[in-house]
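Take a look at the following structure, please.
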Amino acid sequence: MNWLIDLRKTKGMTHEDVSNACGISRQYYSMIEMGERSPSVETAKKIAKVLDFDWTKFYDDEEV
């Protein structure tokens, strides 16, 4: 998810910054960012709030 990496870097945040703000592990956040895991709706909303974007963007790129 290059868009997520770019957004996080634009905000000047590290994996640890985002994961701490969301209450998830750094490893889990890294896996989401690399596309290895999909976040739950609850986690997607938390990440979106921290990075200031629409949480549904996580699901825009998924294949039907």
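Taking the options I32, I24, name whichever one is modelled with pLDDT of 95 or more, more than 15 Å from N2 (Cβ to Cβ) and among the hydrophobic types (A, V, I, L, M, F, W, C).
I24
Which of the residues belonging to the range 18-38 are without any contact (Cβ under 8 Å) to a residue 24 or more places away in the chain and of a type in the set (D, E, K, R)?
Going through the range 18-38, the residues without any contact (Cβ under 8 Å) to a residue 24 or more places away in the chain turn out to be 19-20, 23-31, 36-37.
Within the range 18-38, R26, E36, R37 meet the criteria.
The values are calculated or read from the model by the stated rules, or taken from the named source; none is laboratory data. Quick caveat, the model's predicted, so the values are computed rather than measured. As a convention, Cβ positions derive from the backbone with ideal geometry for all residues, glycine included, and neighbour counts pool all protein chains shown.
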